[in-house]
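Enquirer: First the structure, then my questions, so here it is.
Rule-based calculations on the coordinates, nothing more; no lab input. Source: prediction; values computed, not measured. A quick note on method: Cβ atoms are made from the backbone with ideal geometry, for glycine too, and the neighbour counts reach across all protein chains shown.
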Amino acid sequence: MAEPDLFEAASVSDRLQAEALIVDVDGFEGPLDLLLTLSRSQKVDLRRISVLQLAEQYLRFVEQAKALRIELAADYLVMAAWLAFLKSRLLLPPDPTEAGPSAEDMAAHLAFQLERLQAMREAAARLMARDRLGRDIFARGVSEEVMRVRRVTWTASLLDLMQAYARIRTRDEFRPYAFDRVNVYTMEQALERLRDLIGFAGDWSDIASFLPEGWCADPARRRSATAATFAAALELAKQGQIELRQSETFAPIALRRRDG
Amino acid sequence: MTAEKSLFEAPPIAEQERMVEAILFASAEPVTVAQLAERMPHGCDPAEALAYLRRRYEGRGVRLVRVGDAWAFRTAPDLGFLMQKETVEQRKLSRAAIETLAIVAYHQPVTRAEIEEIRGVALSRGTIDKLLELEWVRFGRRRMTPGRPVTYVVTQAFLDHFGLESARDLPGLKDLRAAGLLDSRPLPGGLAGADEEGEDAPGQTELFED
Amino acid sequence: MTAEKSLFEAPPIAEQERMVEAILFASAEPVTVAQLAERMPHGCDPAEALAYLRRRYEGRGVRLVRVGDAWAFRTAPDLGFLMQKETVEQRKLSRAAIETLAIVAYHQPVTRAEIEEIRGVALSRGTIDKLLELEWVRFGRRRMTPGRPVTYVVTQAFLDHFGLESARDLPGLKDLRAAGLLDSRPLPGGLAGADEEGEDAPGQTELFED
């Protein structure tokens, strides 16, 4: 660790650069980007980078950020934890009983990721520097306007299609209420049934026992019948024909005929 | 580059001819000699370059023609018959048609009733007819349910038009969401999970399922 | 030369060359060989005509260029300086969008998770959206791995914009491949988990579909 690094840099300009790095943490596109920037201070080919040194640089960066009370996003801290782990694995002699990848494999993979990211950066730069249509190269300014046959074609882009589908699918919760006559048990039906049955309910009985036959198996139908029966029970209680009772929240609701 | 040394020497006439060729090609309107001179390096002689260029294109598929006091490339008159396809007028599909098409693509094979169920409105006759006529949608197998309704599926022409390799490659709701095309507002009532499998399950069952 | 004995003989090749020239000149968009064949008289061989035409325009102010399986006339790159008037304002792409575009181009077909793995950061919502909107990127085949994630590939418009004949002509592609930098190597032990979320997790539902 005798080599000078970014944060022990002697010269003022190096130190200023280091501070700029810290303050500009928002300018980085994630921890890998930051690592790539840090790796440049080693001034070697990415293939010969010292991952251990890089891990130390990164951890120091995180500490400095903490000292300066700069909030780092979670993924920077995850990376810091992983690098701290990697660093300890690299420094300690390998534990033969430990399963999983060796510290060297992990370090090599990190170096590979950095190299690959760097390669993509360079590729992107080369791509953007090419002669580009509309800037360096030009298409025909006018398409020929020989209007002999006017044929209408209908067009739509994939984006239109997807947006339409997304629109429909997110509209579901706002769509006009369509009445499902097959699977909906109405309050009127429930009232009628309850009125007929409460004559037999002299004692407390679970409201669930009043559900109509054939409405208990299918969850959707049971839900509808339960809701209607409950509403009907409330209505009858309001009219003073029955009493309702529930021992605690979510406990079964029981009803009985009200005498007198 | 040519522009630099032009202070002293105009580019060779062959080079000037190339310049006129490129300018006329890329311009949306006919270009006058004065406009050419303005855009070309100092000392150029666009009129002379034009004369060479005109000769070069004699008898070719396009010709250099004079339009008023300006110049433009035009298709050779005898080849006008080839230009019929250029007159095609492109119109956007109606919203109803796009939505119907999207539903067929994502839910195929799908019946008319199911399309109406998902869109929440009746399907007008013209909408499906238009999609059939475009050959983006065709009839699929009849559904083996009472009434044996016909189903609709998308065609190879549909896949070609939308640059898809198969209907299975249509992005799912999660992809739409990831691409920012869909609000990630969760659906109410525990439907949040159901919509992830949207590509496979017909929509109406989701509305009522647990 | 003519494959079928047609009632009428195909026009001489010089005439076919003129036809291809006229059609391509008239269109701002690249035209495929199949589209040319469709518009030209029966028995024509557009591919051969194209070869002649390309040679004819070598070194001219406009050139015949190949874009994927299509062809177009484009101005010569060295004359771009004359065209300031025609220059269309290029909207500046974000750094994330540029990198994502390069990754799609060099690694295609590529999934969202792979893009995130390479960049080491989650892909923000608008990034892919922007590239889809520019029509530089489109959806490719779904990957046949758990979750069947969609993949992204570059389009013909991308090739056209960057003056590439095909995706194989991407600058430096061979070297990158030789250096193993286009491999997708699994990470030993797993680094920062953020990359693997979205793509696979919701897909599980598909494994359990009926």
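Enquirer: Could you list C:GLU15, C:GLU133, B:GLU29 in order of exposure, starting from the residue whose Cβ has the fewest other Cβ atoms within 10 Å? Intermediate values should be presented prior to the final figure.
Expert: Working: C:GLU15 17, C:GLU133 14, B:GLU29 11.
Fewest-to-most ranking of C:GLU15, C:GLU133, B:GLU29: B:GLU29, C:GLU133, C:GLU15.
Enquirer: Now for a separate question. What does the copy distance list look like for C:ARG54, label position 7 Å along Cα→Cβ, in nm and ordered from shortest?
Expert: Spacings between copies for this position, smallest first, are 3.3 nm.
Enquirer: So the label point goes 7 Å from the Cα of A:ASN183 along Cα→C-beta, right? Which residues of segment A:214-251 then have their backbone N under 16 Å from it?
Expert: What the label zone holds, given the 16 Å backbone N cut-off, is A:214-228.
Enquirer: Sort A:SER205, B:SER124 so the one with the fewest other Cβ atoms within 10 Å of its own Cβ comes first.
Expert: B:SER124, A:SER205
Enquirer: Per residue of B:74-81, what is the mean number of Cβ atoms on other protein chains within 10 angstrom of that residue's Cβ? Please list the in-between numbers first.
Expert: Working: counts 7, 9, 5, 1, 4, 10, 4, 5.
Per residue, the number of nearby Cβ atoms from other chains is 6 on average.
Enquirer: Can you give the average number of partner chain beta-carbon atoms within 10 Å of each beta-carbon in peptide C:114-121, as a whole number?
Expert: 5
Enquirer: Compute the label-point distances linking C:ASP69 to its equivalents in the other copies; points lie 7 Å from Cα along Cα→Cβ; give nm, one decimal, shortest first.
Expert: 5.0
Enquirer: Given the peptides A:247-254, B:107-114, arrange them by the average over their residues of other C-beta atoms within 10 Å, most packed first. Walk me through the numbers before you get to the answer.
Expert: On the way: A:247-254: 10.2, B:107-114: 18.2.
In decreasing order of mean packing, A:247-254, B:107-114 become B:107-114, A:247-254.
Enquirer: Cross-link list A:LYS43/A:LYS66; B:LYS92/B:LYS174; A:LYS66/B:LYS174; B:LYS130/C:LYS85; B:LYS174/C:LYS174; A:LYS66/C:LYS130: which exceed 30 angstrom alpha carbon to alpha carbon? Spell out each step's value before the answer.
Expert: Details: A:LYS43/A:LYS66 27 Å; B:LYS92/B:LYS174 26 Å; A:LYS66/B:LYS174 37 Å; B:LYS130/C:LYS85 42 Å; B:LYS174/C:LYS174 34 Å; A:LYS66/C:LYS130 35 Å.
Pairs exceeding the cut-off: A:LYS66/B:LYS174; B:LYS130/C:LYS85; B:LYS174/C:LYS174; A:LYS66/C:LYS130.
Enquirer: If you stretched the chain out fully between B:ALA51 and B:MET144, how much longer would it get, using 0.36 nm times the residue separation minus the C-alpha to C-alpha distance? Show your work: numbers first, answer last.
Expert: Details: separation 93, 0.36 × 93 = 33.48 nm, distance 7.38 nm.
So the extension gain works out to 26.1 nm.
Enquirer: Can you give the mean number of other chain Cβ atoms that lie within 10 Å of the Cβ atoms in peptide C:153-159? Each step should come with its number before you reach the end.
Expert: Numbers: counts 2, 0, 1, 1, 1, 1, 1.
Partner-chain Cβ atoms within 10 Å, mean over residues of C:153-159: 1.
Enquirer: Still on this structure, I have one more. Which FRET efficiency value, to the nearest 0.05, do you get for C:ARG125 and C:ALA14 by plugging their Cβ-Cβ distance into 1/(1 + (r/R0)^6) with R0 = 45 Å? List each step's numbers first, then the result.
Expert: On the way: r = 54 Å, r/R0 = 1.21.
My answer for the efficiency is 0.25.
Enquirer: Work out the FRET efficiency for A:GLU213 and B:GLU165 from their Cβ-Cβ distance, taking R0 = 41 Å, and round it to the nearest 0.05.
Expert: Numbers: r = 52 Å, r/R0 = 1.27.
So the FRET efficiency works out to roughly 0.20.
Enquirer: Each label point is 7 Å from the Cα along the Cα-to-Cβ direction; what then is the distance between the points at C:VAL33 and A:LYS238, in nm?
Expert: 7.8 nm
Enquirer: Can you sort C:LYS85, A:LYS43 so the residue with the fewest Cβ neighbours within 10 Å comes first?
Expert: Working: C:LYS85 14, A:LYS43 7.
Result, fewest neighbours first: A:LYS43, C:LYS85.
Enquirer: Shifting gears a bit: What are the nm distances, shortest first, from B:ARG148 to its equivalents in the other copies, labels at 7 Å along Cα→Cβ?
Expert: 2.9
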